[in-house]
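Written below as structure tokens is the structure these notes are about.
The values are calculated or read from the model by the stated rules, or taken from the named source; none is laboratory data. Because the structure is a prediction, the values reported are computed rather than measured. Here the Cβ is made from the backbone with ideal geometry for all residues, glycine too, and neighbour counts use every protein chain on show.
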Amino acid sequence: MNLDRTFAALADPTRRAILARLSLGEASVNELAEPFAMSQPAISKHIKVLELAGLVSRGRDAQRRPCRLETQPLADANTWLEHHRAVFEARFERLDGLLEELKAERAKRKPTPKGARK
Amino acid sequence: MSDMTLKPQGDREIVVVRAFNAPRDLVFDAFSKPELVKRWMLGTDGWSMPVCTIDFRVGGKGRYEWKSPDGQHGMALSSEFVEIERPARIVHKEVFDGTPQPVESTITSTFAETAGCTTVTMVIRYPTAQVRDFMLKSGMEHGMGQSFQRLAGIVEKT
């Protein structure tokens, strides 16, 4: 799993639009270039980035070499990100519990001066 | 008190803020003493933290390793302390294992106490704006992450 490459590839709006188009079915580079005000070489460059990130594969058909969406890196990236947020929240909740313990231990060791003063 | 907020700052940073009902020296200890870190910095779903070593001084290194409950999966990161200001501030760098080009993030944690309650602010600085933006848009704010998951779902059905 190469998340850096996945994130870098997904950071560009044109590349995300290409992936959205490919989610409807495979397409040739020409077909992909149509809706964008971009030259075919410019689109090809974006496709190369997506290919290197494992997000797009190219068919064997020598003429068309259709592009198709590979979903595994997206699933990996998404799983990783969701996991990350959930991990943060779960850790902090556990830390709440630990801090209560530490506070109780401290109170036991040193009877609170607050009470003594009153 | 237990609400965690997560928001962007500048073009390369994410800020996580969370308040804890404890004095800041205790919170600071919980962030810097390995025997305490080991007790809360675990993963979800029963992931354990068999390795947690912290050489808590400027230039000192940390090593954190996690294992899934079945022992089949692992995750690890190495850290290095850049600034330590007890009990107010820690700056450290982090690199996860297994990334072909190491992506180093710098985390600045500050601890502010008001009336026995400590607010921890973690500023996570990513190497590029692209990485940061994707982190925010997709997973953390539940926006694009879900749409990509939906997209993946659509494709799997066809």
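Report, by residue number, each residue of the range A:53-70 that is in contact with a strand residue (DSSP E or B) (Cβ under 8 Å, 6 or more places away or on another chain), in a loop (DSSP other than H, G, I, E, B) and not basic (K, R).
Across the range A:53-70, the qualifying residues are A:L55, A:G59, A:P66, A:E70.
What's the total number of residues in the range A:17-37 that are surrounded by fewer than 20 Cβ atoms within 10 Å (Cβ to Cβ), assigned to a helix (DSSP H, G or I) and either within 14 Å of chain B (Cβ to nearest Cβ) or touching a Phe, Trp or Tyr at 6+ places or on another chain (Cβ under 7 Å) (or both)?
Looking only at that region, the number is 3.
Residue by residue, here is whether (1) β-branched (V, I, T); (2) more than 16 Å from B:P87 (Cβ to Cβ); (3) in the same structural domain as B:G116 (by TED's automatic domain parsing) holds:
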position	(1), (2), (3)
B:R24	no, no, yes
B:F31	no, no, yes
B:L36	no, no, yes
B:M41	no, yes, yes
B:M49	no, yes, yes
B:I54	yes, no, yes
B:G62	no, yes, yes
B:D70	no, yes, yes
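If the requirement is being under 18 Å from A:A90 (Cα atoms), surrounded by fewer than 19 Cβ atoms within 10 Å (Cβ to Cβ) and either under 14 Å from the mean Cα position of the chain (by Cα) or more than 10 Å from every other protein chain (Cβ to nearest Cβ) (or both), which of these qualifies: B:V37, B:V15?
Answer to the selection: B:V15.
Hey, among the residues in the range B:101-117 that are touching a helix residue (DSSP H, G or I) at 6+ places or on another chain (Cβ under 9 Å) and at pLDDT 95 or above, which one's surrounded by the fewest Cβ atoms within 10 Å (Cβ to Cβ)?
B:A112
Quick grid of which residues meet (1) away from every other protein chain (no Cβ under 11 Å); (2) at pLDDT 85 or above:
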{"residue": "A:V56", "(1), (2)": "yes, yes"}
{"residue": "A:P73", "(1), (2)": "no, no"}
{"residue": "A:H84", "(1), (2)": "no, no"}
{"residue": "A:G97", "(1), (2)": "no, yes"}
{"residue": "A:E100", "(1), (2)": "no, yes"}
{"residue": "A:K110", "(1), (2)": "yes, no"}
